[in-house]
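Encoded as structure tokens, the structure appears first; notes follow it.
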Amino acid sequence: MMFGRKNQAQTSRAAEALRLVSVSKSYGSGDSAVTALDGVTLSLPAGTFTAVMGPSGSGKSTLLQCAAGLDRPDSGIVMVDGEEMTGGSEAELTRFRRQRIGFVFQQYNLLPTLTVAQNTTLPLRLAGRRVDRGRARQILAQVGLGDRLGHRPDQLSGGQRQRVAIARALVTEPSVVFADEPTGALDTRSARDVLRLLQEAVRVHGRTVVMVTHDPVAASYADSVLFLADGRLAGELRAPTVDAVAERLAHLGDDTLLEV
Ligand SMILES: Nc1ncnc2c1ncn2[C@@H]1O[C@H](COP(=O)(O)OP(=O)(O)OP(=O)(O)O)[C@@H](O)[C@H]1O
Ligand SMILES: [Mg+2]
């Protein structure tokens, strides 16, 4: 249990936003057990944009859930900002997550009865932080929705809903933002808006973004792509182009690529 304890790793806080060491996770037991993650080790520098790709069932969502503290690995360590996230009580984990982590889901997960402004500032209220009215306006203006504060989610397009979800993920000024197929339900143009906002969160605001996607175009917005196959890292591609990503995906599972 290392919450709050100053340790060596904290001196490198600015350099490394996320570290996973031998993270494994299985579902079920006995004959029906499925190994979703099989000893994943990785390190992401602060202020980087990483895409995670791989076949359906390769463990991408499980990786995000474990890294974001939404689920617990069976074994291994997750560190955010040089602080270990695995091992504490449920309440400590929740508090830590609310301070340091933002999450964007494919299906937005906005609360239908709350306004856009209320949805956006909900994480602040959950964390017991002061909500000043200007904050919702400011963060929603950043995502191009400064004129939609009083609307309900069902009065917005899919792309607009996802932009609210991004504002909600950014409002606490988290260290790491995880996004699981954030453009999966969007048309090309809305997807591009969302990808630009995630890119801006990294370039302008210094956040670290980790995004699962099936789309080589979306992945090309990232600084690097991590490939997963059967719950293991199966390669990395830096400065990805659409063609290079598609090429790698086509050959994922070839033995030569299984050595990272
Ligand atoms: N709650 C669960 N209970 C049982 N098995 C699960 C559960 N969640 C995931 N799995 C299994 O773990 C493996 C990894 O699933 P995961 O959702 O992480 O894959 P994914 O790469 O995100 O796939 P997709 O691209 O389809 O979203 C799969 O074999 C899946 O069936
Ligand atoms: Mg998934």
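The values are calculated or read from the model by the stated rules, or taken from the named source; none is laboratory data. Quick caveat, the model's predicted, so the values are computed rather than measured. Cβ: placed from backbone, ideal geometry, glycine included. Neighbour counts: every protein chain shown. Side chains are part of the model used for accessible areas, which takes the heavy atoms of the whole protein and leaves out ligands, DNA and RNA. Shrake-Rupley method; radii C 1.70, N 1.55, O 1.52, S 1.80 Å.
Could you work out how far the C-alpha centroid of the stretch 155-207 sits from that of the stretch 81-99, in angstrom?
24 Å
Please report, as a whole percent, how much of the solvent-accessible surface of the chain comes from carbon and sulfur atoms (probe radius 1.4 Å).
The C+S portion of the solvent-accessible surface of the chain is 47 percent.
What does the charge count near residue 157 come to, summing +1 for each Lys or Arg and -1 for each Asp or Glu among other residues with Cβ under 15 Å from its Cβ?
So the environment of residue 157 carries a net charge of +2.
Around residue 190, what is the net charge, scoring Lys/Arg as +1 and Asp/Glu as -1 over all other residues with Cβ under 15 Å from its Cβ?
Around residue 190, the charge tally is +2.
In percent, how large is the relative contact order of the chain, given Cα pairs closer than 8 Å and 6 or more residues apart?
This gives 24 percent for the chain.
Determine, from the Cβ-Cβ distance of residue 77 and residue 147 and an R0 of 35 Å, the FRET efficiency 1/(1 + (r/R0)^6), rounded to the nearest 0.05.
0.20
Using a 1.4 Å probe, what is the accessible area per residue for the chain, in Å²? Don't skip to the end; give the middle numbers.
Details: 12170 Å² over 260 residues.
Counting only protein heavy atoms, the per-residue value for the chain is 47 Å².
Among DSSP beta bridges whose residues both lie in the chain, state the antiparallel percentage, nearest 5.
Just about 55 percent of them are antiparallel.
Ranked highest first by average number of other Cβ atoms within 10 Å, how do 154-167, 38-51, 83-96 line up?
The packing order, highest mean first, is 154-167, 38-51, 83-96.
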